[in-house]
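Just below is one structure, and these are the notes that go with it.
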């Protein structure tokens, strides 16, 4: 038989306040009265209990989401005298209070950090905003906290399924003893299920012990979730995330998990500043309202940095740039009023950096005047874009050369390009004047144009290379002298596709070193289309490009495709159609791992053909640095049609400095004129005994220097020869 203390007839219900408030506020009048009573009273006041309980009924207007609870001890006797022959369950020497330790309704929110031991009733509270939080630790029990025998446990106010949820979590059981703190813990556990708006524990005396009734108010049945402040979140996503909860009693735990899914959608789609703000608002009709702050952009500013990366100079003046603001803004799809998106802003910054006029491009985010908005600052460090200089060098195509050039990459701060170059080499003399506007001002389609005027004289690869050298009658080599102009308009068609349309006129002459006309070689073979050695060619040019490379300079994955059409117009007597296609694919791999850096298998396929009239110098040259390595330039063949392919394995080797990485390459090249060498007027490949096809293989080095990427390849060919090749940029 379990004995338990004498139960009083009633207990006092006291008010509750926030734990944080209790830490800083003086005791309320109710608390002071309770404390005073605890020292002198020998029994609680029934009238006072009734009056207080009438004001402690749970609110029903809405489901509160933030608990503000604190426990206050009711009146107890200071030194109660245990009546015989009743024993005390807490121990043989424990005192027995004259008031029932758990009698009277108990209603509270989640357990407090350090609840005070008490032997009276607790005022009702409200649920926590995050019922999925960890189960609160059991309050520390003092030796004076008495225990009573529980005869029956009842759940009231909910249907059977919800009652079962309560029975699963509470630890108060019939036939066992319980304390007031244990009932408080059970209330916290019930709240932690997330299913209830209010919970009260009401103990009643029975002949066999105390009957504990947990009076619960379930949350409403969830009907819909509404999102306020959303502009980019699709309604389909809201339904996908929350619709599984519709039609069931609102479970705040599951709602919180769904809110996490909502936040994850924003993060996964680049909206990294978006978040749910405030607490969910739960209506009595079962509609839940969430408010989101998506991170709307209030303003976008441009800040120029000096060489030290600072926005102000040593004298405190603000750094000013030459580039006009609209040049930067038009490259950015991100605009004020839009929601900040990490993925989009990264694309924008890559485009700005890709203009080639900035040393560095950075981004800074600052709070807007509205704390839910953000100001974006684009920080730019400009390059020195004007270059005047002379150059002496060597290339596989031109041999030793010297040049004087001027380049301005940001003319007038408008990102317009102006260039002039005069070059003298072993194989000719020429000049090239060019002007490029990469985006015509005011054009919404990003149309660009380039104008060229040129005069070029060189030994054509069509008339060079092969087993037999064929000269002019005077012992010189034939040169192709071109004077002309070209204008090309280009426009992006999508994020990866672009197109270009242009026109070009050339006046072509076949001459010797002194510039004298030489229409035939020493064997009488034709070198030009017209017998006098002078051709005028007017062509319309069309091209489509699809660029999916991750880097245009040193790609490691993605693809590149270009197809071009040159249509000669017969107003000059020459009529032909030239088609050419180029496709590259890049596959990331991990083979050697010599050092940190990407490894890539790169594949390139090219093909082309000329239909109609064909001046010999317009044939396709095969072999050399940009064709089949291991052969000399143009040594493989000169065809009306061609096909060539290359495979490279690119891998990192070392870093001379952090800015100059060095990589290695293994390559295999193949090309063929498809037997069309005989179809070229004058048969330049046949008379020079070019094989018409060839294979090359070898090794190479790549270095990305401040002057641009350079390559050095050493190749062996299928004819038993070998050759060293030097070039600028990747082979493809």
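The values are calculated or read from the model by the stated rules, or taken from the named source; none is laboratory data. Keep in mind the model is a prediction, meaning the values are calculated, not measured. Backbone-built Cβ (ideal geometry, glycine too); neighbour counts: all protein chains shown.
Note on the range 198-316: no enclosed strands (runs of 3 or more DSSP E) hold 2 or more residues that are touching a helix residue (DSSP H, G or I) at 6+ places or on another chain (Cβ under 8 Å), assigned by TED's automatic domain parsing to the domain that holds residue 164 and modelled with pLDDT under 95.
Scanning the range 602-610 finds one or more residues that are under 24 Å from residue 534 (Cα atoms), in contact with a strand residue (DSSP E or B) (Cβ under 6 Å, 6 or more places away or on another chain) and modelled with pLDDT of 95 or more. Restricting the range 410-460 to residues that are in a strand (DSSP E or B) and farther than 20 Å from residue 486 by Cα, the residue that is farthest from the chain's Cα centre (by Cα) is 428. Output the residue which, of all residues in the range 719-732 that are free of Cβ contacts under 8 Å to residues at least 60 places away in the same chain and touching a strand residue (DSSP E or B) at 6+ places or on another chain (Cβ under 7 Å), is farthest from residue 672 (Cα to Cα). It comes out as 728.
If you take the residues of the range 698-718 that are touching a strand residue (DSSP E or B) at 6+ places or on another chain (Cβ under 8 Å) and not in a strand (DSSP E or B), which of them is surrounded by the fewest Cβ atoms within 10 Å (Cβ to Cβ)? This residue is 706. For the range 333-343, the candidate set comprises residues that are under 17 Å from residue 299 (Cβ atoms) and in contact (Cβ under 8 Å) with a residue 40 or more places away in the chain; within that set, the residue that is surrounded by the most Cβ atoms within 10 Å (Cβ to Cβ) is 341.
A quick yes/no check of all residues on (1) surrounded by 18 or more Cβ atoms within 10 Å (Cβ to Cβ); (2) in contact with a helix residue (DSSP H, G or I) (Cβ under 9 Å, 6 or more places away or on another chain):
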| position | (1), (2) |
| --- | --- |
| 411 | no, no |
| 415 | yes, yes |
| 422 | no, no |
| 425 | yes, no |
| 446 | no, no |
| 459 | yes, no |
| 474 | no, no |
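If you filter the range 229-256 down to residues that are within 25 Å of the chain's Cα centre (by Cα) and surrounded by 15 or more Cβ atoms within 10 Å (Cβ to Cβ), you find that the one that is farthest from residue 193 (Cα to Cα) is 232.
A residue that is within 17 Å of the chain's Cα centre (by Cα), within 27 Å of residue 266 (Cα to Cα) and surrounded by 13 or more Cβ atoms within 10 Å (Cβ to Cβ) cannot be found anywhere in the range 366-374. Sub-6 Å Cβ pairs linking a first residue in the range 576-593 that is outside the structural domain of residue 542 (by TED's automatic domain parsing) and under 11 Å from residue 604 (Cα atoms) to a second residue that is surrounded by 12 or more Cβ atoms within 10 Å (Cβ to Cβ) and at pLDDT below 95, at least 6 apart or interchain, number zero.
Tell me the residue from 532, 536, 523 that is over 47 Å from the mean Cα position of the chain (by Cα), surrounded by fewer than 16 Cβ atoms within 10 Å (Cβ to Cβ) and in contact (Cβ under 8 Å) with a residue 40 or more places away in the chain, please.
Of 532, 536, 523, the one residue that is over 47 Å from the mean Cα position of the chain (by Cα), surrounded by fewer than 16 Cβ atoms within 10 Å (Cβ to Cβ) and in contact (Cβ under 8 Å) with a residue 40 or more places away in the chain is 523.
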